[in-house]
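The values are calculated or read from the model by the stated rules, or taken from the named source; none is laboratory data. Being a predicted model, the structure only gives us computed values, none of them experimental. Cβ sites come from the backbone with ideal geometry, for glycine too, and all protein chains shown count toward neighbours.
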Amino acid sequence: MQKFKNLPEISKKSLQYLKKGKNLLAFSGGVDSSSLFFILLAHKIDFDLAIVDYNTREESKKEVAYAKELSKKYDKTIYLKNIKIKDKNFEHNARKVRYNFFEEIIYMNNYNNLITAHQLDDKLEWFLMQFAKGAGLIELIGFDEIRIREKYTLIRPLIEHSKDELKNFLQANSIKYFIDKSNKDKSYKRNYFRETYSAKFLKEHKSGIVNSFKYLQNDKKRVFKLENIKNFKKLYIFENFPDDLKNIRTIDIILKKLDYVLSKSQRDEILKVKNVVISNKYVVAFAKDKIYISPFCNVKMDKKFKEACRIRKIPQKIRPYLYTEKISPSFFDVFISS
C-alpha cells in the first residue's frame with residue numbers, strides 16, 4: 001500500500017467488490033473525487049476514469065486537463081464527455097447526462113463497478129432534503145454504500161467520511177484539487193441545504209450522525225427485506241400485500257434497482273390508480289394477488305398472444321413488454337408457480 005498521511009479507510013465490504021471487479025471512477029477534480037483517486041491508489045485498486053465537462057465554468061477545462069494528467073501518470077484509461085445543457089433544471093439534467101454516459105461506458109467496456117465519491121456531507125444533505133419534503137425510511141436513507149444495479153454495482157467508498165476529512169487528507173499530502181465555486185450558489189437546492197443547515201450540524205455532531213445512519217441502515221434492511229420476488233430480464237412479480245406501505249416500499253426498491261427514483265406524487269398515484277405508466281419508462285400494474293413491474297412498451301400484439309395473456313390474467317400494460325422480449329405467456333405457468 002502506498003503511504004499517505006491521514007489516509008481515510010475503506011470498508012472491507014467495498015474493498016471486496018473493488019478488488020474482484022473492473023472499476024470505473026466518476027471523476028471531477030474536486031475534493032471528493034481527487035481524494036478517492038489517491039485512496040484507491042493507496043489500496044492498490046485498479047480503475048479507470050470518466051469525466052463530464054458541462055462547459056459552464058472556466059475552471060472545467062483545467063479540471064479535464066488534470067484528469068488527463070493523472071490518467072497518463074498512473075496509466076489509466078480516461079473517458080471524456082463534452083456537453084452544454086440549456087434546459088432550466090440543470091441539476092436534474094446534468095445527473096441524467098452523467099449517469100447515461102457512465103452506463104454507456106460500463107456496458108460497452110464490461111466494467112463491473114461504478115465508483116462515485118459521494119461522502120457523508122452528501123448523505124446528510126440528501127436526508128435533510130427528503131425529510132423537509134416528506135419521506136419515509138427508504139427515501140431518507142437513499143445513499144447506500146453498495147447498491148447492486150441491473151448490470152453493474154454502484155460503490156460509494158467514502159460514505160462515512162466528511163468533506164473536511166477528505167480536504168485534510170489532500171492538504172496533508174499536498175495533492176492538487178479544484179473547488180467548484182458554483183457549490184456556493186444557493187439557488188441550487190442542495191447548496192442551500194448545505195450552506196444553511198448541514199455543514200455546521202455535521203461539524204458539531206459527526207460521530208453521532210455516522211452512528212445514526214448505521215442504525216437506520218440496519219433498520220431498513222430488517223423492515224424492508226425483499227422476499228419472494230420473481231425476476232426475469234426486467235420483469236418483476238411479487239405478492240400483492242394488504243399493506244399498501246409494504247407494497248410501495250417494494251416497488252420503490254425494485255425501481256431504484258432499475259435506476260429510477262419515484263417522487264412522492266408518483267407513489268401516491270401508484271397506490272390510488274393501481275395501474276400506472278411512470279414517465280413513459282416503467283409500468284406498475286396491480287392484479288388480484290400479484291404486482292407486476294416491467295419497462296413500458298407500446299407495440300401491436302397479435303390476437304393469439306393477447307388471448308393467451310388474458311387467460312393467464314396478465315395485466316394489459318405488462319403484455320407489450322412480454323411481446324417485445326418474445327416471452328411466451330405460457331412461461332408464466334411455471335414462472336409464477338415455481
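Is it the case that LYS84 is more than 13 Å from LEU24 (Cα to Cα), out of contact with any helix residue (DSSP H, G or I) (no Cβ under 7 Å at 6 or more places or on another chain), in a loop (DSSP other than H, G, I, E, B) and not hydroxyl-bearing (Ser, Thr, Tyr)? Working first, answer last.
Numbers: more than 13 Å from LEU24 (Cα to Cα): yes; out of contact with any helix residue (DSSP H, G or I) (no Cβ under 7 Å at 6 or more places or on another chain): yes; in a loop (DSSP other than H, G, I, E, B): yes; not hydroxyl-bearing (Ser, Thr, Tyr): yes.
Considered against the rule, which asks whether it is more than 13 Å from LEU24 (Cα to Cα), out of contact with any helix residue (DSSP H, G or I) (no Cβ under 7 Å at 6 or more places or on another chain), in a loop (DSSP other than H, G, I, E, B) and not hydroxyl-bearing (Ser, Thr, Tyr), LYS84 comes out as yes.
In the condition set (1) closer than 22 Å to ASP219 by Cβ; (2) of a type outside the set (Val, Ile, Thr); (3) touching a Ser or Thr at 6+ places or on another chain (Cβ under 9 Å), LYS257 is compliant with all but (3). When LYS186, LYS206, LYS181 are checked against the criterion of being exposed (fewer than 12 other Cβ atoms within 10 Å of the Cβ) and either without any contact (Cβ under 8 Å) to a residue 12 or more places away in the chain or assigned by TED's automatic domain parsing to the domain that holds GLU139 (or both), LYS181 stands alone in meeting it. Note on the range 157-178: residues that are under 17 Å from GLU9 (Cα atoms), in contact (Cβ under 8 Å) with a residue 60 or more places away in the chain and touching an Asp or Glu at 6+ places or on another chain (Cβ under 9 Å) total 6. The strands (runs of 3 or more DSSP E) found entirely in the range 113-164 that carry 1 or more residues being modelled with pLDDT of 90 or more, buried (at least 22 other Cβ atoms within 10 Å of the Cβ) and within 15 Å of the chain's Cα centre (by Cα) are 113-115, 153-155.
So, ASP32, is that one in a helix (DSSP H, G or I), modelled with pLDDT of 95 or more and either out of contact with any strand residue (DSSP E or B) (no Cβ under 8 Å at 6 or more places or on another chain) or not aromatic (Phe, Trp, Tyr) (or both) or not? Yes: the conditions hold for ASP32.
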